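The values are calculated or read from the model by the stated rules, or taken from the named source; none is laboratory data. Computed from a predicted model, the values in this text were never measured in an experiment. Cβ coordinates were reconstructed from backbone atoms using ideal geometry, including for glycine residues, and neighbour counts include every protein chain displayed.
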Amino acid sequence: MSEYPTVTEEGIRLQKVLAQAGMGSRRACEELIEHGRVEVNGVLVTAQGMRVDPLVDVIRVDGQRVVTDVDTVVLALNKPRGVITTMSDERGRTCVGDLVRERSEHLFHVGRLDADTEGLLLLTNDGDLANRLAHPSHEISKTYLATVSGRMPATALMALKRGITLDDGAAVADSAHVVQVSGERTLVELTVHLGRNRIVRRMLDHVGYPVLDLVRTSIGPIQLGSQRPGSLRSIHGAELRSLYTDAGL
């Protein structure tokens, strides 16, 4: 087993950093340490008094990353239809950057949604998080609700789950099921971990059911919920810890 990280008089007491990160009162955070639930840089800590650098040291509680940099911002945006996923647009079209213009942080959008797709888009000032979430090697799942033309049979759903071949390679749905059938339209919920351009639209079109309307409802552990189009909410607490853990940070 690795030795405990060196305790110096520099830095901030671990329980204070945990409390500032929303893990409870200082006493509650001391109990987390006493019960062996806290790691610093991969090493279990059970003794009180350790000092850490919240900007450098990696702290986990029950295996989940605790975001200790108080300047870290992660936002969930319900991107409206017609908004371009860029922080600025030289052609003057409405873009994501317009919706966060009043924010002072230097924000990145995590991946993108095409202009005709609504729904959940994450923004953050943590470049490492943005890159991890967007990179296909981390296989972050994304769930969509698609309204398609026609009554979609079980055979089409099975094809999506078995995998199909598109122009740019194989594509497979982690899950696919019908939510509702209304006349000649079907509402389908589809979960994928692929991040390729217009992947859900192309997959559904491939099996013969063109998309009429598309909304992304989740990215990893983050849910769109009842957010109104154009609205923002801050991701923090257990949601934020789960997001960082899923990203492998």
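One table, with the values for the structure above:
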| read-out | value |
| --- | --- |
| Among residues of region 39-64, those that are in contact with a strand residue (DSSP E or B) (Cβ under 6 Å, 6 or more places away or on another chain) and under 18 Å from Arg241 (Cα atoms), counted | 6 |
| Filter result for Thr147 (β-branched (Val, Ile, Thr), without any contact (Cβ under 8 Å) to a residue 40 or more places away in the chain and assigned to a strand (DSSP E or B)) | no |
| Region 68-107, residues that are charged (D, E, K, R), free of Cβ contacts under 8 Å to residues at least 60 places away in the same chain and closer than 19 Å to Arg228 by Cβ | Asp98, Arg101, Glu102, Arg103 |
| Residue among Leu190, Leu232 that alone is crowded, with 18+ Cβ neighbours inside 10 Å and of a type outside the set (D, E, K, R) | Leu190 |
| Residue that is buried (at least 16 other Cβ atoms within 10 Å of the Cβ) and basic (Lys, Arg), where the choices are Arg162, Arg201 | Arg201 |
| Pairs with Cβ under 8 Å, 6+ apart, first in region 234-249 and under 15 Å from Met23 (Cα atoms) and assigned by TED's automatic domain parsing to the domain that holds Leu123, second in a helix (DSSP H, G or I) and at pLDDT 90 or above | Ile235/Leu243 |
| Qualifying residues in region 37-68 (those that are touching a Phe, Trp or Tyr at 6+ places or on another chain (Cβ under 7 Å) and within 17 Å of Pro221 (Cβ to Cβ)) - the one surrounded by the most Cβ atoms within 10 Å (Cβ to Cβ) | Val67 |
| Selected residue [within 19 Å of Thr245 (Cβ to Cβ), outside any helix (DSSP H, G or I), touching a residue at least 12 places away in the same chain (Cβ under 8 Å) and not charged (D, E, K, R)] from Gly111, Gly36 | Gly111 |
| Residue among Asp71, Asp98 that is of a type outside the set (S, T, N, Q), loosely packed, with under 12 Cβ neighbours inside 10 Å and either in a loop (DSSP other than H, G, I, E, B) or assigned by TED's automatic domain parsing to the domain that holds Leu121 (or both) | Asp71 |
| Some residue of region 17-32 being part of a strand (DSSP E or B) and over 19 Å from the mean Cα position of the chain (by Cα) | no |
| Per-region count, region 114-134, residues touching a residue at least 12 places away in the same chain (Cβ under 8 Å), over 21 Å from Val211 (Cβ atoms) and not in a strand (DSSP E or B) | 9 |
| Residue match in region 194-204 (condition: small (Gly, Ala, Ser) and farther than 20 Å from Ala115 by Cβ) | no |
| Residues satisfying the stated conditions in region 160-193, i.e. touching a residue at least 24 places away in the same chain (Cβ under 8 Å) and in a helix (DSSP H, G or I) | Leu160 |
| Candidate set from region 74-95 (those that are among the aliphatic types (A, V, I, L, M) and in a strand (DSSP E or B)); member that is nearest to Leu240 (Cα to Cα) | Val74 |
